[in-house]
Amino acid sequence: MATRTIAGKTVQVNDEGFMTNAAEWTREMAPELAQGEGIAELTPAHWKVIDFCRESASNLDGKSPTLRQITTGTGISTKELFALFPKGPAKKVAKISGLGKPEGCV
Amino acid sequence: MKQLLVLGAGTAGTMVVNKLRPLLDADEWKITIVDQHETHYYQPGFLFIPFGMYSKNDVVKPKRDFIPPGVELIMSPVEVIEPEHNRVRLVKEGRYLNYDFLVIATGARTHPEQTPGLQEHEWNRSIYDFYTIEGALALARHLRTWQGGRLVVNVVENPIKCPVAPLEFLMLADWFFHEQGIRDRVELIYATPLSGAFTKPIASKHLGDILVQKGIQVEPEFLVMEVDPDAKKLVSYDEREVGYDLLVTVPLNMGDELIARSGLGDELNYVPVNKHTFLSPKYANIFALGDAAGVPTSKAGSVAHFAVDCFAENFERYIDGLEMLPTFDGHANCFIESGFGKGLLIDFNYEVEPLPGRYPLPGVGPFTLLQESEMNHWGKMMFRWMYWNILLKGQPLPLPARMSMSGKWRQ
Ligand SMILES: Cc1cc2nc3c(=O)[nH]c(=O)nc-3n(C[C@H](O)[C@H](O)[C@H](O)COP(=O)(O)OP(=O)(O)OC[C@H]3O[C@@H](n4cnc5c(N)ncnc54)[C@H](O)[C@@H]3O)c2cc1C
């Protein structure tokens, strides 16, 4: 398992760059992680989604929420989510929020 | 008398009453099952209808034929579940049914109306589905005279019932158009929200390779936003466009509205339950089984079968005042029809992804896991007979409910 330094702290990441221990994450890391995903600045709308994901993961045995759980939980539409986190919002938010890769489905 | 009430007489509900009737004392327990429709559909058979392999008669039987003596069957849609009052209201005559224990087995169904452009004027003209009997039959009629072009299969959102069915559809289409002598005039495309052919990495790689061999293109991570039925194209949220001549959609799957009306569902109207026992965390006398259950395993008849086996034993313990055991391990077991008289088989659970190997006898089979073989095709074809004659009736099948690692290998 690799490590990486984000916002001055060393954290564990997997080979796709997802943090493997959600407890190592701090809010200060989010802007730097976001930049890695091509998001220059985190607006309050971004934070609303990040906060929701952190909270919902703590209720889901640490699992990242699905896109639909995010849209239902935050009231932000899928279209807006794609505008905030272009390409794959569920994956990007998970990465920025220090959560594992969304498992998708079975 | 104690009352066990089962909602939904589909695959799971029918198996539950057949398993439990002999286990529960007839002097002590009344069992009632409710469904809105008289006809039981063998849904796995819908896959074969578009290609003329099965007809409607192959996939329908009356539900009543599968309900054992000593179980009351009521035909009515269920209006609402009132868990605080331990009762259910039926649409028919507003009748109330009380219960001591409730099993929700109302399944899942497709919602094409949730995707703009899908179920409009091109529905059943250039846009079809095969997850309903009507869709499968209409598509069969269309394919009989179709002259070729770009055929796109699109999964709108996961989870869906039988996650391998879209792949099977494409592989059968490849075979079907070969037989018709027009394969060179057909492009086959799979637009999926997943990053590859399947949800789990090893199976995704194996199945992905097979798709390449068959000349089926994958458009991965494609989350459809809308369909433009006039320009005949799918548009994704990240603004990719996929054009088609013929679109075969697997629309959004959701649990029944009843679940939402009763305040028992998650964001897709599935009932959250313990993934090993199927007991609701909120109500100690409510269970959900089959596709209606919000558990992280495939929505498949085979899963329902293993689940019901585990549930029946556990339910006996539970009503005797014992703790339920975490017996269900997420076991799923799916034949994957791959065309040209062959098929694959996958066997997995919550922890172990599908691996190559042999099943059910280690080293022997006769079925091969994650590899094409003719035997697997015959397994799939036999499955219909087993479904009607063994599974639904709750008779034992010589397959353990829990997954086994023997006979599987990791490369
Ligand atoms: C195209 C296709 C291919 C498939 N292939 C396979 C396969 O190869 N292998 C496999 O294992 N599985 C396969 N499946 C999945 C399998 O058919 C389902 O997982 C299985 O039927 C689920 O059983 P169930 O009892 O949960 O739901 P269902 O069998 O759908 O039954 C639900 C029942 O509840 C009733 N109901 C719902 N709401 C109400 C209400 N409000 N009031 C009264 N009644 C209600 C319905 O009328 C229905 O009878 C496939 C499915 C499809 C669509």
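The values are calculated or read from the model by the stated rules, or taken from the named source; none is laboratory data. Model, not experiment: these values are computed from the prediction. Cβ: placed from backbone, ideal geometry, glycine included. Neighbour counts: every protein chain shown. To get the accessible areas, we keep the full protein, side chains included, count just its heavy atoms, and leave off ligands, DNA and RNA. Shrake-Rupley method; radii C 1.70, N 1.55, O 1.52, S 1.80 Å.
With respect to the conditions (1) within 13 Å of the ligand (Cβ to nearest atom); (2) more than 22 Å from the chain's Cα centre (by Cα); (3) closer than 30 Å to B:Phe335 by Cβ; (4) among the hydrophobic types (A, V, I, L, M, F, W, C), B:Leu97 lacks only one, and its number is (3).
Quickly run through the stretch B:190-206 and pick out the residues that are at pLDDT 95 or above and among the hydrophobic types (A, V, I, L, M, F, W, C). Answer for the stretch B:190-206, where residues must be at pLDDT 95 or above and among the hydrophobic types (A, V, I, L, M, F, W, C): just B:Ala191. Please verify whether B:Cys334 is modelled with pLDDT under 95, within 16 Å of the ligand (Cβ to nearest atom) and buried (at least 21 other Cβ atoms within 10 Å of the Cβ), treating the condition exactly as stated. Yes. The residues listed here are B:Leu264, B:Leu247; of these, the one that is within 24 Å of the chain's Cα centre (by Cα) and farther than 25 Å from A:Ile70 by Cβ is B:Leu247. Taken together, B:Val88, B:Val6 contain a single residue that is within 24 Å of the chain's Cα centre (by Cα), among the β-branched types (Val, Ile, Thr) and more than 9 Å from the ligand (Cβ to nearest atom), which is B:Val6. Just one of (1) within 14 Å of chain A (Cβ to nearest Cβ); (2) crowded, with 16+ Cβ neighbours inside 10 Å; (3) within 29 Å of B:Pro356 (Cβ to Cβ) fails for B:Ala173. It is (1).
Select from the stretch B:274-308 the residues that are assigned to a loop (DSSP other than H, G, I, E, B) and within 13 Å of the ligand (Cβ to nearest atom) and write down the one among them that is surrounded by the most Cβ atoms within 10 Å (Cβ to Cβ). Let's see the steps before the verdict.
First pass over the stretch B:274-308, keeping only residues assigned to a loop (DSSP other than H, G, I, E, B): B:274-278, B:280-285, B:289, B:295-298, B:300.
With within 13 Å of the ligand (Cβ to nearest atom) added as a condition, the list becomes B:278, B:289, B:295, B:297-298, B:300.
Numbers: B:Phe278: 27, B:Leu289: 29, B:Val295: 22, B:Thr297: 20, B:Ser298: 26, B:Ala300: 23.
Selected residue: B:Leu289.
Based on what the data block shows, is B:Ala108 within 16 Å of the ligand (Cβ to nearest atom), within 14 Å of chain A (Cβ to nearest Cβ) and either in contact (Cβ under 8 Å) with a residue 40 or more places away in the chain or in contact with a His (Cβ under 9 Å, 6 or more places away or on another chain) (or both)? So B:Ala108 fits the description; yes.
When we screen A:Gly62, A:Gly73, A:Gly100 for residues that are free of Cβ contacts under 8 Å to residues at least 24 places away in the same chain and either farther than 17 Å from B:Glu221 by Cα or within 14 Å of another protein chain (Cβ to nearest Cβ) (or both), the only hit is A:Gly73. Given the condition touching a residue at least 12 places away in the same chain (Cβ under 8 Å), farther than 30 Å from B:Gly341 by Cβ and buried (at least 19 other Cβ atoms within 10 Å of the Cβ), answer yes or no: does some residue in the stretch B:43-63 qualify? Yes, that holds for at least one residue. Somewhere in the stretch B:199-210, is a residue under 22 Å from the mean Cα position of the chain (by Cα), in a loop (DSSP other than H, G, I, E, B), among the hydrophobic types (A, V, I, L, M, F, W, C) and within 14 Å of chain A (Cβ to nearest Cβ)? Looking through the stretch B:199-210, none of the residues is under 22 Å from the mean Cα position of the chain (by Cα), in a loop (DSSP other than H, G, I, E, B), among the hydrophobic types (A, V, I, L, M, F, W, C) and within 14 Å of chain A (Cβ to nearest Cβ). Residues that are hydrophobic (A, V, I, L, M, F, W, C), out of contact with any helix residue (DSSP H, G or I) (no Cβ under 8 Å at 6 or more places or on another chain) and within 14 Å of chain A (Cβ to nearest Cβ) occur in the stretch B:223-242; there is at least one.
Out of the stretch B:253-266, which residues are near the ligand (Cβ under 10 Å from one of its atoms) and either assigned to a helix (DSSP H, G or I) or away from chain A (no Cβ under 11 Å) (or both)? Answer for the stretch B:253-266, where residues must be near the ligand (Cβ under 10 Å from one of its atoms) and either assigned to a helix (DSSP H, G or I) or away from chain A (no Cβ under 11 Å) (or both): B:Gly255, B:Asp256, B:Glu257, B:Leu258, B:Ile259, B:Arg261, B:Ser262.
Of the helices (runs of 4 or more DSSP H) entirely within the stretch A:63-106, those holding at least 3 residues that are more than 17 Å from B:Ser195 (Cα to Cα), at pLDDT 90 or above and open to solvent by 40 Å² or more (accessible area, probe 1.4 Å) occupy A:67-74, A:78-84. For the stretch B:170-184, the set of residues classified as in contact with a strand residue (DSSP E or B) (Cβ under 7 Å, 6 or more places away or on another chain) and either of a type in the set (Phe, Trp, Tyr) or free of Cβ contacts under 8 Å to residues at least 40 places away in the same chain (or both) consists of B:Trp175, B:Phe177, listed by residue number.
To keep it simple, each residue is scored yes or no on (1) hydrophobic (A, V, I, L, M, F, W, C); (2) more than 12 Å from every other protein chain (Cβ to nearest Cβ); (3) open to solvent by 10 Å² or more (accessible area, probe 1.4 Å).
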| residue | (1), (2), (3) |
| --- | --- |
| B:Asn154 | no, yes, no |
| B:Ile160 | yes, no, no |
| B:Phe169 | yes, yes, no |
| B:Gln180 | no, yes, yes |
| B:Leu194 | yes, no, yes |
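Just one of the listed residues (B:Ala138, B:Ala108, B:Ala165) is closer than 30 Å to B:Gly290 by Cβ and more than 19 Å from the chain's Cα centre (by Cα), and it is B:Ala138. Going by the conditions given, is B:Gly107 open to solvent by less than 10 Å² (accessible area, probe 1.4 Å), under 30 Å from B:Leu172 (Cβ atoms) and touching an Asp or Glu at 6+ places or on another chain (Cβ under 8 Å)? Here the answer is no, as B:Gly107 does not meet what is asked. When restricted to residues that are surrounded by fewer than 20 Cβ atoms within 10 Å (Cβ to Cβ) and either in contact with a Cys (Cβ under 8 Å, 6 or more places away or on another chain) or assigned to a strand (DSSP E or B) (or both), the stretch B:136-152 contains 2.
B:Asn269: within 21 Å of B:Val91 (Cα to Cα), within 11 Å of the ligand (Cβ to nearest atom) and either open to solvent by 10 Å² or more (accessible area, probe 1.4 Å) or touching a residue at least 40 places away in the same chain (Cβ under 8 Å) (or both), yes or no? Reasoning before the result, please.
Details: within 21 Å of B:Val91 (Cα to Cα): yes; within 11 Å of the ligand (Cβ to nearest atom): yes; either open to solvent by 10 Å² or more (accessible area, probe 1.4 Å) or touching a residue at least 40 places away in the same chain (Cβ under 8 Å) (or both): yes.
Considered against the rule, which asks whether it is within 21 Å of B:Val91 (Cα to Cα), within 11 Å of the ligand (Cβ to nearest atom) and either open to solvent by 10 Å² or more (accessible area, probe 1.4 Å) or touching a residue at least 40 places away in the same chain (Cβ under 8 Å) (or both), B:Asn269 comes out as yes.
For the stretch B:275-300, a residue qualifies if it is among the small types (Gly, Ala, Ser) and in contact with a Cys (Cβ under 8 Å, 6 or more places away or on another chain), and the qualifying residues are B:Ser298, B:Ala300. Considering every residue within the stretch A:39-56, establish whether at least one is open to solvent by less than 30 Å² (accessible area, probe 1.4 Å), in contact with a Gly (Cβ under 9 Å, 6 or more places away or on another chain), part of a loop (DSSP other than H, G, I, E, B) and of a type outside the set (Ser, Thr, Tyr). Within the stretch A:39-56, not a single residue is open to solvent by less than 30 Å² (accessible area, probe 1.4 Å), in contact with a Gly (Cβ under 9 Å, 6 or more places away or on another chain), part of a loop (DSSP other than H, G, I, E, B) and of a type outside the set (Ser, Thr, Tyr).
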